[in-house]
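Quick note: the coordinates plus some simple rules give every number you see, no bench work behind them. As the structure is a prediction and not an experimental result, all values here were calculated from the model. Cβ placement follows ideal geometry from the backbone for every residue including glycine, while neighbour counts extend to all protein chains displayed.
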Amino acid sequence: MANIVETTDLTPRRRGLARRLGTRGPANIVLGLIAIVWLVPTVSLLVISLRPEADFGVSGWWKALLHPLSLTFSNYHVLFAQGFVAGGLLDSLITSLEITIPATLLVTFLACFAGHSLVFGRWRGRDIVFLVVVGLMVVPVQVALIPVVQFYRELGDLFGLNPYGTIPGVVIFHVAFGLPFGIFLMRNFMSGIPKDLLEAARMEGAGEWKVFYRIVLPLALPALASLAIFQFIWVWNDLLVALVFLGGNLHTPLTVFLYDQNHELQANYWIISTGAIVSVVVPLIVFFSFQRYFVRGVLAGAVK
Amino acid sequence: MASVVLRNLSKQYTGNTAPSLVGLNLEIDDGEFVCLVGPSGCGKTTALRMIAGLEDVTSGDIEIGGRVVNDLPSRDRDIALVFQSYALYPHLTVADNMSFGLKLRKVPKDEIEKAVQSAAKILDLTDLLKRKPAQLSGGQRQRVALGRALVRDPAVFLMDEPLSNLDAKLRVQTRAEIAQLHHRLQATMLYVTHDQVEAMTMADRIAVMNLGVLEQYGTPRELYNFPNNLFVAGFIGSPSMNFVTMHVNRDGERIHLTGVDAGSSMRVTLTDEQSDVLAKSEGSEIVVGVRPEHLKEGSIDRAGFSAVAQVQVIEFLGNDEHIHVTSDDTDLVAILDAHSTVAIGDSVTLSAPHDSVHFFDPTSGLRLSQSS
């Protein structure tokens, strides 16, 4: 192999390319194909959202690729021009954020506290509590919908505070169902942090809060970032919970907004495609802004 | 600076049958460098962690600077601990690692800066202050861990096997640096190690521990010359002391020792003083200890140990050689100088002068002669 490389007259750069194609070429081709297949629905959605509404019934979306100049932002323009009216795209976007941001923040913070306590706390029964939490992970959301609605109603009867149909009601539900996985993730990640670090910090005068804030939290940042991304995307894409708990509320999240565009005999495809693209953009922004916290080997150099 | 006193300190972990530490009594003077040494599981790290406040005290008292600190949290004990694993904060720079404790104590910024700079200078870390622990070598990390203790200027330095993660060469170098540091700071230091060489080279006094019990506490010379019992005698010194079971005989006025087997070549002639001490063991067996470095080729005409032995293995080490021999089924090790001409299979006469022969009771393991 070495001989062949030496005798062929290739510049170093081309040699590198040749080697790459030689060893990784087939894998790259397969991966490329998979990526294309994977992206087709999203690309088609994007193209549909950029075509005039009238074209939808006339020809397939791929035809538009032959006439790129016919693509237009008019659909976006129409939807955004409606402004913040209840039931409109912008209003739904805001509602989605109102649900997703608190649900994500609450889950990440509570899961961090819980993880710290489960790993570094000094109380009996930590392992049992953790097992129960893991057990809760297998409870499907669907079976809990009706009981929680009833529970909300009880709250309303007893205290006059019925969270049903309100944004906090949805947020509470998402937090409750996001926490088991969050606690599971944070607890397992934190158990990899050497105990020596905490003992060192305690000896140097740090109280439990300082230990958490100055040592554990910075070191758990990669897990925290992944949890935040997961949680954000789950809540953002949720249709079922919003549909059940926001019945009667004029302000609905994007998922419900898109769902509502399906009517019995026809669907507003131009609104669905445009709204779907808008709803994809936000998680992408979140993903790329948190991505830099995925630092591998953040614990390197702590011990040994 | 402060003294440390342990009174009847005991530790029993729940779920363990045997206690980890049994009634430890230890006094460490102000400015003294004391090593706790012993095999793994002997309770030395437990004792250190109890002093540090990382483990609860089952019974007994810990006094630092004349104040009982049993129920005081670590941070109020004015101590610094250098961890075996160093326990550097990986997300902080060297400078931030060192100033962490001072910042928590709200020490003014310029004072922190001064303390970090001077510690960095002592430990040769000035160029590394902006680096993260992951970018440091093992030796540098070790120095940062020391520096973190140093900047706090604690009353007592505690060190838990701080050299065990370094390679052999660096260990010798760092050993000297720590000894130098102690000399310079005149600080009270308690150092835990399983390596008796570290303890011998650095400590003012050594506490030898085994199975949760303090076996002997004394200067390196005391431990080497007058070990209290078989454990200390075997633990201190490398290679370990040779132990031979011998019979105590009376030959007229004088007592002497012979090998247990009939026709054995091993023999110890005693001085009058030793003879008096061993007279009460007449007719029974005792354990005789001789250090390898005290065994010399050839016989002696003075009182002392002598044996004829067959050479089994020769380990050449440059300036000397270790020879492993057998005499009456007893294995002995002797250190001879490298010019020795013995060869494997040779029969050699080995002897040691009377003042380097130790006697121990075989059942209690205690030393049989008057100590020092």
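In the range B:242-360, Cα pairs under 8 Å separated by at least six residues give a relative contact order of 29 percent. Listed by number, the DSSP H helices of chain B that run 24 Å or longer by alpha-carbon position along their axis and have mean Kyte hydropathy of at least 0.5 come to an empty list. Considering only C-alpha atoms, what is the centroid distance from the range A:70-120 to the range B:296-327, in Å? Here the answer is 84 Å between Cα centres.
Does chain A come out rounded, prolate or oblate by the C-alpha gyration tensor, with a ≥ b ≥ c the root eigenvalues, rounded set by a/c under 1.5 and, if not, prolate when a/b is larger than b/c and oblate if not? Verdict is oblate for chain A. Placing a pseudo-label 7 Å from each Cα along the Cα-to-Cβ vector at A:Phe73 and A:Asn28 gives an inter-label distance of 3.5 nm.
Here the Kirkwood formula, the inverse mean of 1/r across different C-alpha pairs, assigns the range B:4-235 a hydrodynamic radius of 18.2 Å. Applying the Karplus relation 6.51 cos²θ - 1.76 cosθ + 1.60 with θ = phi - 60° to the range B:24-34 yields 3J(HN,Hα) values of 7, 10, 8, 10, 10, 6, 4, x, 8, 10, 10 Hz, where x marks Gly and Pro. In this calculation the C-beta distance from A:Leu90 to A:Thr166 is compared with R0 = 25 Å, giving a FRET efficiency of 0.75. Amide hydrogen proximity for B:Asn210: with H placed 1.01 Å from N in the peptide plane, the residues at 5 or more positions away or on another chain lying under 5 Å are B:Glu215. Only lysines eight or more places from B:Lys121 in sequence, or on another chain, were considered; those with a Cα closer than 19 Å are B:Lys109, B:Lys130, B:Lys132. Relative to one another, the C-alpha centroids of the range B:203-235 and the range B:92-139 are positioned 37 Å apart. With a 10 Å cut-off around each Cβ of B:73-82, the average count of Cβ atoms from other chains is 3. Partners of B:Lys44 within straight-line reach, counting lysines whose Cα lies under 23 Å from its Cα and excluding those fewer than 8 residues away in the same chain: A:Lys195, A:Lys304, B:Lys11.
Of the DSSP H helices in chain A, those with a Cα length along their own long axis of 27 Å or more and a mean Kyte-Doolittle hydropathy reaching 0.5 comprise A:12-49, A:89-120, A:167-190, A:269-290.
So, counting K/R as plus one and D/E as minus one, what does the shell of residues with Cβ under 10 Å around B:Asp124 add up to? Once all neighbours under 10 Å are counted, the net charge is 0. Electrostatic bookkeeping for A:Ala114 treats Lys and Arg as +1 and Asp and Glu as -1; over the other residues with beta carbon under 12 Å from its beta carbon, the sum is +2. Listed by chain and number, the aspartates and glutamates whose C-alpha is less than 14 Å from the C-alpha of B:Lys169, apart from same-chain residues fewer than 8 away, are B:Glu177, B:Glu198.
Once the Cα-Cα distance is subtracted from the 0.36 nm per residue extended length, the A:Glu98 to A:Gln291 segment shows a gain of 67.2 nm. For the range B:205-298, relative contact order (Cα pairs under 8 Å, six or more residues apart, normalised by length) works out to 23 percent. At a Förster radius of 25 Å, what calculated FRET efficiency corresponds to the Cβ-Cβ distance of A:Leu250 and A:Thr42, to the nearest 0.05? Between A:Leu250 and A:Thr42 the formula returns 0.25.
Under 14 Å from a label point set 7 Å out along the Cα-to-Cβ vector of B:Gln310, the amide N atoms of the range B:235-277 belong to B:265. Gain on full extension, evaluated as 0.36 nm per residue between B:Asp272 and B:Ala338 minus their Cα-Cα distance, stands at 20.3 nm. Taking a sphere under 15 Å around the Cβ of A:Arg187 and counting the other residues whose Cβ falls inside, with K and R at +1 and D and E at -1, yields a net charge of +1.
Residue order for B:Asp153, A:Asp55, B:Asp329, fewest other beta carbons within 10 angstrom first, comes to B:Asp329, B:Asp153, A:Asp55.
Using bins of 20 Å that start at zero, the share of Cα-Cα pairs per bin across the protein assembly as shown amounts to 14, 29, 27, 19, 9, 3, 0, in whole %. In this structure, B:Asp331 and B:Ser59 have a Cβ-Cβ separation that, at R0 = 45 Å, corresponds to a calculated FRET efficiency of about 0.60.
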